[in-house]
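What follows is a single structure, written as C-alpha cells, with notes after it.
Please treat every number below as a calculation from the coordinates, not as lab data. Quick caveat: nothing in here was measured; it's all calculated off a predicted structure. Note that each Cβ is placed from the backbone with ideal geometry, even for glycine, and that neighbours are counted across all protein chains shown.
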Amino acid sequence: MDSKTLVNKILNDIYKNLDEYSKDLIRACNFDVQFKNLYITDDMTGKKYYIRNLMDCEDIPLFEAQNRIYRVKKVSLEKIIDEVIILYLSSRKSKDGYSFEVDSNYKVVEPMVFINYEHKERILMWNELTEEELDEKLADFDMKIDAITEDILKKIGCIDNNNFVVYVDVFMDLEIIKNITEKEGNMVMIWIHPLFIFSDNNVVKGIIAYELSKYNKNILEMFYKDIIEYCKEYKKLCSKNLKILDKIKEIAIKRNDKKVIEELKEMEFI
C-alpha cells in the first residue's frame, strides 16, 4: 500500500474506533489533534516517518509503506482546556497486510480541571436551582438567544452561509466550560455551556459571534467588541485568555480602538 493511502486509512480507522465522546469533540470542535508513537515505515529503506499532528499527514512523501498492525491505546483530554487532544498508538510489523485494532485496555484520560472561585460560584448557582426555577431560567435564556440571534442576523444578512441555531446543553460537564459548535452543510449549530445562562446579554452575544467567527472571519470584524465581552467572562471563569484575543488585538490596533486596547491591557494580554 502506498504511504498516502495508508495515512488516510489510518486516520479513518482511528476516528471510527474512538469512543463516542472523543469523536464528538473532534467533529464539533477546532481542537489540535496530536498523535504519540504514530509512524509509517518505508518498506524499501526501513525509514520511519512520524506523524505528530494532522499537518504531518500532508507532508508524508509517496512510497511503498510497510504493512503494520496499528492499535489505538489511549485518548488524553488532559489538555482539553488548551484545545488539544492527544491520541496514543502503537504498531507492529505484519505478515498479513495492514490492520487496525483497539487496545484491550483502551481508556480516556479525563482532564485535570482547575476550578477557580468564580467557576465554583457559578456551579453553586446552577445546583441551587429547583427544577421549576431551572425551567424558568432556561425559558428566559431561550428568549434571550432568540433576540440576540435576530439582532445578529440583521447585521450579517449580506454574508453568505449565515444560517445558525443555538441551544443550551444542560448535560454538559459543569466543571469543563466549553461551548460546542458543529457545521452541517450551511447550517452552524451551537451548543452553549449551561453555566452561561447566568451571563449578561452582551456576553451571550459574544459567545455566538465567537463561535460563528470560526467559519467566517467577517463575523469577527463586525462583532469583535461583543466577543471581547465573552473573553472577559471566560477569563473570569477559567483564569485564562482565549486565543482569539490575538486577532482582536490586530483589529483594535488597525482601527485605533483605544477602549478595546485598554481592555486588552487590563486582561494582561498586551
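Along the charge dipole of the chain, which of Ile192, Ala209, Tyr106 sits closest to the positive end, that is, farthest toward it, with unit charges on the beta carbon of Lys, Arg, Asp and Glu (+1, +1, -1, -1)?
Tyr106
With +1 assigned to the C-beta of every Lys and Arg and -1 to the C-beta of every Asp and Glu, and no other charges, what is the dipole magnitude of the range 86-176 about the Cα centre in debye, to the nearest 20?
Values: 10 positive and 21 negative charges, 194 e Å.
The dipole of the range 86-176 has a size of about 940 debye.
For Cα Rg over 2.2 N^0.38 Å, which listed value, (1) 1.44; (2) 1.19; (3) 1.15, comes from the coordinates shown?
The value matching this structure is (2).
When DSSP beta bridges are limited to those with both residues in the chain, what percentage is antiparallel, rounded to the nearest 5? It would help to have the intermediate numbers written out before the result.
Numbers: 19 of 37 bridges.
Taking every DSSP beta bridge with both residues in the chain, the antiparallel ones total about 50 percent.
Could you pull out every one of the aspartates and glutamates with an alpha carbon less than 12 Å from that of Lys254, ignoring same-chain neighbours closer than 8 positions?
Within the straight-line cut-off, Lys254 pairs with Glu221.
For the range 187-270, place one equal point scatterer on every Cα, skip the solvent, and apply the Debye formula. What is log10 of I(q)/I(0) at q = 0.16, 0.21, 0.23 Å⁻¹?
Treating every Cα as an identical point scatterer, log10 I(q)/I(0) equals -0.58, -0.99, -1.17.
How would Thr5, Thr149 line up from fewest to most surrounding beta-carbon atoms within 10 angstrom?
Numbers: Thr5 12, Thr149 17.
Arranged by neighbour count, lowest to highest, Thr5, Thr149 become Thr5, Thr149.
Along Cα→Cβ, 7 Å out, is where each label goes; now give me the distance between the ones at Asn67 and Lys155 in nm to one decimal.
5.9
Please compute the contact order of the range 117-266 in relative form: average sequence separation of alpha-carbon pairs under 8 Å and at least six residues apart, divided by the residue count, as a percent. Don't skip to the end; give the middle numbers.
On the way: 147 pairs, mean separation 27.3, N = 150.
Rounded, it is 18 percent for the range 117-266.
Output wanted: per-residue J couplings in Hz (rounded whole) for the range 210-220, from phi through Karplus 6.51 cos²θ - 1.76 cosθ + 1.60, θ = phi - 60°, x for Gly and Pro.
Result, ordered by residue: 4, 5, 5, 5, 5, 10, 8, 5, 5, 4, 4 Hz.
Extension gain Val108-Glu175, at 0.36 nm per residue separation less the Cα-Cα distance, in nm?
Going from the current span to full extension adds 22.4 nm.
I'd like the GluC sites (Glu not before Pro) in the range 231-270 restricted to DSSP loop residues with at most 13 other Cβ atoms within 10 Å, sorted by number.
Numbers: sites: Glu233, Glu250, Glu262, Glu263, Glu266, Glu268; in loops: Glu268.
Of the GluC sites (Glu not before Pro), the ones in loops of the range 231-270 whose Cβ has at most 13 other Cβ atoms within 10 Å are Glu268.
Output ³J(HN,Hα) for the range 146-152: one whole-Hz value per residue in order, computed from phi by the Karplus curve 6.51 cos²θ - 1.76 cosθ + 1.60 with θ = phi - 60°, and x for Gly and Pro.
4, 5, 5, 4, 4, 5, 5
Quote the relative contact order of the range 3-109 in percent (integer), defining contacts as alpha-carbon pairs under 8 Å separated by 6+ residues.
Values: 184 pairs, mean separation 30.4, N = 107.
RCO, the range 3-109: 28 percent.
When you have a sec, figure out the Kirkwood radius of the range 3-109 from all distinct Cα pair distances and drop it here in Å to one decimal? Please report the intermediate quantities before stating the final value.
On the way: mean 1/r = 0.0702 Å⁻¹.
Across the range 3-109, the inverse of the average 1/r is 14.2 Å.
Is there a quick way to get the dipole size of the chain? I mean about its Cα centre, with the Cβ of Lys and Arg at +1 and of Asp and Glu at -1; what is the value in debye to the nearest 20?
Working: 42 positive and 51 negative charges, 302 e Å.
Charge dipole of the chain: 1460 debye, to the nearest 20.
What longest range of the chain stays clear of loop-exposed chymotrypsin sites (Phe, Trp or Tyr not before Pro) (DSSP non-H/G/I/E/B, at most 11 other C-beta within 10 angstrom)? Show your work: numbers first, answer last.
Working: sites that count: Phe114, Phe171.
It works out to 1-113.
Rounded to the nearest 10 degrees, what's the angle between the helix 117-127 long axis and the longest principal axis of the chain, both from Cα atoms, 0 to 90?
80
If you consider only alpha-carbon coordinates, what radius of gyration and Dmax does the range 98-236 have, in Å?
Every Cα atom of the range 98-236 included, Rg and Dmax give 17.4, 56 Å.
What are the residues whose amide H is under 5 Å from the amide H of Val84, where those residues sit 5 or more places off or on another chain and H is modelled from the backbone?
Asp32
Please report the net charge: other residues with Cβ closer than 9 Å to the Cβ of Arg92, K and R +1, D and E -1.
Details: positive: Arg68, Arg71, Lys93; negative: none.
Residues close to Arg92 contribute a combined charge of +3.
Per 0.36 nm of contour for each residue apart, how much would the distance between Lys36 and Glu266 grow if the chain were fully extended, relative to their Cα-Cα spacing? List each step's numbers first, then the result.
Values: separation 230, 0.36 × 230 = 82.80 nm, distance 3.81 nm.
The Lys36-Glu266 span can extend by a further 79.0 nm.
What is the order of Cys238, Cys231, fewest Cβ neighbours within 10 Å to most? Spell out each step's value before the answer.
Details: Cys238 19, Cys231 25.
Ordered from fewest to most neighbouring Cβ atoms within 10 Å, Cys238, Cys231 come out as Cys238, Cys231.
In the neighborhood of Ala252, defined by Cβ-to-Cβ distances under 12 Å, what is the net charge if each Lys or Arg adds +1 and each Asp or Glu adds -1? Mind dumping the intermediate values first?
Numbers: positive: Lys225, Lys247, Lys249, Lys254, Arg255, Lys258, Lys259, Lys265; negative: Glu221, Asp246, Glu250, Asp257, Glu262, Glu263.
Result for the local shell: +2.
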